[in-house]
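The values are calculated or read from the model by the stated rules, or taken from the named source; none is laboratory data. Source: prediction; values computed, not measured. Positions of Cβ are backbone-derived with ideal geometry, glycine not excepted, and every protein chain shown enters the neighbour counts. When the accessible area is computed, the model is the full protein with side chains, heavy atoms only, and any ligands, DNA or RNA have been set aside. Shrake-Rupley method; radii C 1.70, N 1.55, O 1.52, S 1.80 Å.
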Amino acid sequence: SSFASSYNGASYNSSTADSWTSNNEFDGVLYTGSVSGRTTSQNPYEVMNIHKAYGYGLSGDDYYIHVQDNRIDQNHMEFSGKTISNYQSNYTTDYNSNASGTYWHGAAVSSVALGAYNNNSKDDIMGVAYNADLYYSDYDTLASGVSDYARDYALALDGAPNNTAASNHSYGIVGTNIQTVIDYKNNNNVSNAYTVAAYLTAAGLSSSTSNAQKWLDSLNSFQSNKGVIVWSLSNTTSHTEAHWLAGLPELETSLNDAWVTVGTVDIQGSLGNESYTAVYSDCGSTAAYCVVTDSYGVNFASYESALGSG
């Protein structure tokens, strides 16, 4: 990619950018083992030109990232020295050395987004926005005193600090795609909020229409006053359409101004000799605001101060 000589008034320092490409923690994100029979040789941070963002002085400093996920060890070294603000006190922390990846998913996601730069020589990684702080909420554990999931999600968004640059959601109700939800709304002549409440409740996440509307309003407010909503697509390769949570801007079109869906492609081979393999869900109708990058073969935070990979 070509870069302009300045970004938001900041000049580009190519020496700074180049120095990051040989930094141990920057390189530490690359897992060189096999994942599903495939290996990765290029650092995904370099593929995404993260080092060039650093060349502009962009590191997440003075910003929060909201991660709504589950199961996180906030004492992990990747969150050392960071300001951590929690929406709820009862977020899930069930992790141990024998647990599978589902038991430290929140730690993994958060570490890639904002893991600390600890200046270690080995066995460490850093996040993309390594100077950002963490605002955290659970998606499957309601805050004490809240019984409605849509209301809980709205309150979590509303509680994000004013300087929150993004709200990340790496989960979904993946058995139903967004076009199915839109068809239901149109065929039954009901509101967007009624539709959202119906599909949340059908998935076991009890929600009322009024609170679903509050959540849609909170998503809009976050976009207007704080940052971008980021939602991962499903991990099912056969899916050709976005699951309905990721595709909400197709239902509620007011959300399409600051929303990014995220998919995965596996890039193998060296620079200039790459091959690309589609992995997991297609972008579907969210293609106009979908980003697909290589998240295969990466290391990330797991339990205590250990790293996982996948």
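Quick look at the values:
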{"read-out": "Qualifying residues in region 113-142 (those that are modelled with pLDDT under 95 and within 18 Å of the chain's Cα centre (by Cα)) - the one farthest from Ser232 (Cα to Cα)", "value": "Ile125"}
{"read-out": "Output for region 43-52, where each listed residue is open to solvent by 30 Å² or more (accessible area, probe 1.4 Å) and either over 22 Å from Tyr276 (Cα atoms) or touching a strand residue (DSSP E or B) at 6+ places or on another chain (Cβ under 7 Å) (or both)", "value": "Val47, Met48, Lys52"}
{"read-out": "Out of Tyr7, Tyr12, sole residue that is at pLDDT 90 or above, open to solvent by 30 Å² or more (accessible area, probe 1.4 Å) and in contact with a Phe, Trp or Tyr (Cβ under 8 Å, 6 or more places away or on another chain)", "value": "Tyr12"}
{"read-out": "Residues of region 179-192 classified as surrounded by 17 or more Cβ atoms within 10 Å (Cβ to Cβ) and over 24 Å from the mean Cα position of the chain (by Cα), total", "value": "4"}
{"read-out": "Strands (runs of 3 or more DSSP E) completely within region 205-280 that count 2 or more residues being in contact with a helix residue (DSSP H, G or I) (Cβ under 9 Å, 6 or more places away or on another chain) and either modelled with pLDDT of 95 or more or closer than 24 Å to Asp148 by Cα (or both)", "value": "228-232, 259-268"}
{"read-out": "Region 196-215, residues that are crowded, with 22+ Cβ neighbours inside 10 Å and within 17 Å of Val181 (Cβ to Cβ)", "value": "Val196, Ala197, Leu200, Ser207, Ala212, Trp215"}
{"read-out": "Residue within region 114-132 that is surrounded by fewer than 22 Cβ atoms within 10 Å (Cβ to Cβ), outside any loop (DSSP other than H, G, I, E, B) and touching a residue at least 12 places away in the same chain (Cβ under 8 Å) present", "value": "no"}
{"read-out": "Some residue of region 148-167 being open to solvent by less than 30 Å² (accessible area, probe 1.4 Å), modelled with pLDDT of 95 or more and more than 21 Å from the chain's Cα centre (by Cα)", "value": "yes"}
{"read-out": "Test: Thr253 is open to solvent by 10 Å² or more (accessible area, probe 1.4 Å), free of Cβ contacts under 8 Å to residues at least 60 places away in the same chain and closer than 14 Å to Thr286 by Cα", "value": "yes"}
{"read-out": "Selection from region 168-178 of residues that are out of contact with any helix residue (DSSP H, G or I) (no Cβ under 8 Å at 6 or more places or on another chain), open to solvent by 30 Å² or more (accessible area, probe 1.4 Å) and not β-branched (Val, Ile, Thr)", "value": "Gly172, Gly175"}
{"read-out": "Restricting region 133-147 to residues that are hydroxyl-bearing (Ser, Thr, Tyr) and in contact with a His (Cβ under 9 Å, 6 or more places away or on another chain), the residue that is most open to solvent (accessible area, probe 1.4 Å)", "value": "Tyr139"}
{"read-out": "Number of the condition not met by Thr240 [criteria: (1) polar (S, T, N, Q); (2) within 27 Å of Ala165 (Cα to Cα); (3) open to solvent by 10 Å² or more (accessible area, probe 1.4 Å)]", "value": "(2)"}
{"read-out": "Filter result (closer than 25 Å to Ile229 by Cβ, assigned to a loop (DSSP other than H, G, I, E, B) and either in contact with a strand residue (DSSP E or B) (Cβ under 6 Å, 6 or more places away or on another chain) or open to solvent by less than 20 Å² (accessible area, probe 1.4 Å) (or both)) within region 281-308", "value": "Ser281, Cys283, Asp294, Ser295, Tyr296"}
{"read-out": "Matching residues in region 263-280 - criterion: being open to solvent by 40 Å² or more (accessible area, probe 1.4 Å) and touching a Leu at 6+ places or on another chain (Cβ under 7 Å)", "value": "Tyr280"}
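For every residue, the table says whether it meets (1) hydrophobic (A, V, I, L, M, F, W, C); (2) within 15 Å of the chain's Cα centre (by Cα).
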| position | (1), (2) |
| --- | --- |
| Ile229 | yes, yes |
| Leu245 | yes, yes |
| Leu248 | yes, no |
| Leu251 | yes, no |
| Ser254 | no, no |
| Gly263 | no, yes |
| Leu271 | yes, no |
| Ser275 | no, no |
